[in-house]
Amino acid sequence: LAHRLDGIPPTIFTTMSALATRTQSVNLGQGFPDVDGPPEVIARAVHALESGANQYAPGPGIPALRQAVAAHQLRHYGIELDPDSQVVVTTGCTEGIAAALLGLVNPGDEVIVLEPYYDSYVAMIQMAGGVRRPVTLRGPDFRLDPDELRAAVTPRTRFVLLNTPHNPTGTVLTREELQAVADLALEHDLVVITDEVYEHLVYDESEHVPISTLPGMFERTLTLSSAGKSYSFTGWKVGWATGPAELVGAVLAAKQWLTFTSGSPLQPAVAHALDEAPDFPTALAAELRAKRDRLCTGLALVGLDVRVPEGTYFATTDISSLGWANSTEFCLALPDRAGVVAIPTQGFYDSDAGMHLVRWAFCKDMDVIEEGIRRLA
Ligand code: GLN
């Protein structure tokens, strides 16, 4: 392997899903729903396949999808975008992250990331030649401490890579927490790259605030999202980057050499979803809220300390109460011991603050969640 991959293990999601298949476990690990998104959106993709949308789409994405993304940002957040220069379609948010980091980060640039971090951030910061500076979200509620954030800034800091609602903790950053990030970005001339794929999956009183809507932040924020989580099409790999033309242009500059363009037949279907099924994500969140509650109640009954998430489709538990100290060992033993797969959060930390934390997905059929709990019990 090339040195740019030094120390980067295979993604935990592949490892754990393969383990789930091999052991016929209930898979509460990798976050993908077991019910697909709206049938009429699938029909639209089939129609596109059959009516000849099978050759390269334009590099930045088809105009209808870029317009639909711009309309979505306006409808939900009051953000006005020029679909031609301020929206680029990516192959899932994962490509958006890769293209953003490859297109913007210079070797030696420091990137502040929230810890625990999604695994692709670490891999891509390293592949881009950057240096990560983790700032730990402190339990039990995984909050961002403005002083720790401030202390992470050095003369080489150029970026903050944000994620809200946050995977794996389920934290939805508050306006105050985001303002602390914005203050720092404005003071030190930082660019914020923000992964907001769980933007619609928020519960109770929590509200998703895009940091680009804070005063002075639009100009320095690149926002990434996708149809995978909002419309339950994780396998379609259709995402988008939005923001000022300069930052979106950097994504396109790298993306053209990564994938050149994203899948043609899925783009009109996702445009259709955004335009014609704007309420689907809210309905999905309402279903997920009941599943969250069922899973969290069950995990607590089994004897785990549960942090009920404000957003995403993941709940985090502390396994110390069961006498375990190491979440990787716990998650590797669990399929054989109980026939259930979960994700060790330990791997998303540089520090040892996540040694005893395990993530459980609840984007599953209620029956699957019930069976998982029954097995754990
Ligand atoms: N985002 C999903 C999760 O956190 C997994 C995506 C992946 O497997 N790369 O579970």
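No value in this document is a laboratory result; all are computed from the given coordinates. None of these values were measured; they are calculated from a predicted model. Note: ideal-geometry Cβ built from the backbone for every residue, glycine included; neighbour counts use all protein chains shown.
Of ASP109, ASP147, ASP195, the sequence from fewest to most neighbouring Cβ atoms within 10 angstrom is ASP147, ASP109, ASP195.
The residue list VAL191, ALA283, SER327 was ranked by how far each Cα lies along the charge dipole of the chain toward its positive end, using unit charges on Cβ atoms, and SER327 comes out on top. By other beta-carbon atoms within 10 Å, ranking SER51, SER225 with the fewest at the front produces SER51, SER225.
Considering only alpha-carbon pairs that sit under 8 angstrom and 6 or more positions apart, the relative contact order computed for the chain is 25 percent.
Given a Förster radius of 41 Å and the C-beta distance between ARG374 and ARG156 as r, what FRET efficiency does 1/(1 + (r/R0)^6) yield to the nearest 0.05? Given R0 = 41 Å and the Cβ-Cβ separation, E is 0.20. Scattering from region 132-224 was approximated by placing one identical point on each alpha carbon and applying the Debye formula without solvent; log10 I(q)/I(0) at 0.25, 0.26 1/Å stands at -1.52, -1.62. Rounded to a whole number, what is D in µm²/s for region 152-197 from Stokes-Einstein with the Kirkwood radius over alpha-carbon pairs (37 °C, 0.692 mPa s)? My calculation gives 293 µm²/s for D. Among ILE125, ILE79, ILE8, the ranking by other beta carbons within 10 Å of each residue's beta carbon, starting with the fewest, stands as ILE8, ILE79, ILE125. Dimensions of region 217-262 along the principal axes, based on C-alpha atoms and rounded to the nearest Å, stand at 30, 27, 9, largest first. Adding -39500 (n - 2.57) for every DSSP H run of four residues or longer, then dividing by how many residues the chain holds, sets the calculated 222 nm ellipticity at -13000 deg cm²/dmol. In order along region 3-11, phi translates into HN-Hα couplings of 4, 5, 9, 3, x, 9, x, x, 4 Hz, rounded to whole numbers, per the Karplus curve 6.51 cos²θ - 1.76 cosθ + 1.60 with θ = phi - 60° and x for Gly and Pro.
Near GLU276: Cβ cut-off under 11 Å, other residues only, Lys/Arg at +1 and Asp/Glu at -1. The net charge is -2.
Based on the reciprocal of the average 1/r between different C-alpha atoms, the Kirkwood radius for region 61-204 equals 16.1 Å.
Over the chain, all Cα pairs binned in 10 Å intervals from 0 give whole-percent P(r) values of 5, 24, 33, 26, 10, 1, listed from short to long.
Pairs of Cα atoms nearer than 8 Å and 6+ residues apart set the relative contact order; for region 199-345 it is 20 percent. Comparing Cα centroids, region 243-300 and region 131-158 end up 27 angstrom apart.
Bridges between two residues of region 39-276, per DSSP, are antiparallel at a rate of about 30%.
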